[in-house]
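Here the structure is laid out as structure tokens; the discussion comes afterwards.
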Amino acid sequence: MTMAPAATKQTNNENMKKNRIQVSNTKKPLFFYVNLAKRYLQQHNEIELSALGMDITTVVTISEILKNNGFVKEKSIVTSTVGMKDQAKGRMVHKARIEIVLEKSEKFESLMSGNNSVQNNAKVVASGKVANGKVENGKADN
């Protein structure tokens, strides 16, 4: 019976890895990560956003966008310092690290179903098709 907690802990760690988004300096747009977080939340009840150094501001911004739009609730924020070896200088450097755990809000599913219909309408308008007889070639009839 002493092995059950260890197995549970390992399962929880594996789960956290599957729903962790590590933001890095890959020059991906901010809303790439926002949309990725929404997709992860469709499959999991919570996600973990993490970053090092200068990318911390991006993680905080992503978290705030998701919270302010009602998709998530903040569960926890953990900050720490990580020692890393600098490849160029060959010495240890300490970098700040943040981990933000977000959980689905009660409104998540309804917001996502409404969000998809808004996105589909935007695609129709952008493609220049007629939507409800009011849009043609991307311009609204007045």
### Query
In nm, what is the difference between 0.36 nm times the number of residues separating N35 and E109 and their Cα-Cα distance?
25.2 nm
### Query
Which of the pairs K67/K89; K18/K85; K18/K89; K18/K107 have their Cα atoms more than 28 Å apart in this structure?
K67/K89; K18/K89
### Summary
Note on region 20-109: contact order normalised by length, alpha-carbon pairs under 8 Å, 6 or more apart, percent, works out to 33 percent
### Summary
SASA check, H44, accessible area w/ 1.4 Å probe, all protein chains in place, rounded to nearest 10 Å², comes out at 40 Å²
### Summary
Packing-ranked peptide list from 74-87, 97-110, highest mean Cβ count within 10 angstrom first, is 97-110, 74-87
### Task
For region 20-109, report the translational diffusion coefficient in µm²/s to the nearest whole number, using Stokes-Einstein at 10 °C, 1.306 mPa s, and a Kirkwood Rh over Cα pairs.
115 µm²/s
### 5 angstrom amide H check on S105, placed H, neighbours 5+ away
V72, K73
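Once R0 is set to 25 Å, what does the formula 1/(1 + (r/R0)^6) return for the Cβ-Cβ distance between N68 and A96, expressed as a FRET efficiency to the nearest 0.05?
Details: r = 24 Å, r/R0 = 0.95.
So, using R0 = 25 Å, E works out to roughly 0.55.
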### Query
Just the accessible area per residue of region 13-117, please: how many Å² with a 1.4 Å probe?
63 Å²
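The values are calculated or read from the model by the stated rules, or taken from the named source; none is laboratory data. Not measured: the values here are computed from a predicted model. Cβ atoms come from the backbone with ideal geometry, glycine included; neighbour counts cover every protein chain shown. Only protein heavy atoms, including side chains, enter the accessible area calculation; ligands, DNA and RNA are left aside. Shrake-Rupley method; radii C 1.70, N 1.55, O 1.52, S 1.80 Å.
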